[in-house]
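Novice: This is the structure, below, for whatever I ask next.
Bear in mind these aren't lab numbers, they're just calculated from the coordinates by the rules spelled out. Being a predicted model, the structure only gives us computed values, none of them experimental.
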Amino acid sequence: MLLTKPEILKAIAAKKIRIEPFHKTSVGPASIDLTLDNEIRIFHAKRKVVSENTDYKSITKKISINNGYLERKDYVA
C-alpha cells in the first residue's frame, strides 16, 4: 500500500502512524525520510538474485555516517 503525502499527514494526525521526533519537512510525495542510526548497511554494487535465506552480510557492507547522508539512489539494507 502506498500513501500520498496528504494521506500520510492525515494518518499521523490521527495517530495511526507514530514517528518521534516527527518533522513535517521529512514527508515526501509518497514517503517519509527517517534517520535511524549512524551505522547502516548498503548493498554492494553487484546485481545478484537474493532469496530470503541469503545472509545479508554477504551482500551488504556496513558504513558509518557521521554528520553525513546517503547519496541519491543509494539503498539501505
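Novice: Given 0.36 nm per residue, what is the gain on full extension from residue 19 to residue 54 after removing their alpha carbon distance, in nm? Spell out each step's value before the answer.
Specialist: Numbers: separation 35, 0.36 × 35 = 12.60 nm, distance 3.02 nm.
Fully extending the segment from residue 19 to residue 54 adds 9.6 nm.
Novice: So which lysines can residue 24 reach, going by Cα to Cα under 24 Å and dropping same-chain residues fewer than 8 places off?
Specialist: 5, 10, 15, 16, 73
Novice: Apply the Debye scattering formula to the chain, with a single equal point scatterer on each alpha-carbon and no solvent, then give log10 I(q)/I(0) at q = 0.13, 0.14, 0.17, 0.22 Å⁻¹.
Specialist: Normalising to I(0) and taking log10 leaves -0.57, -0.65, -0.86, -1.04.
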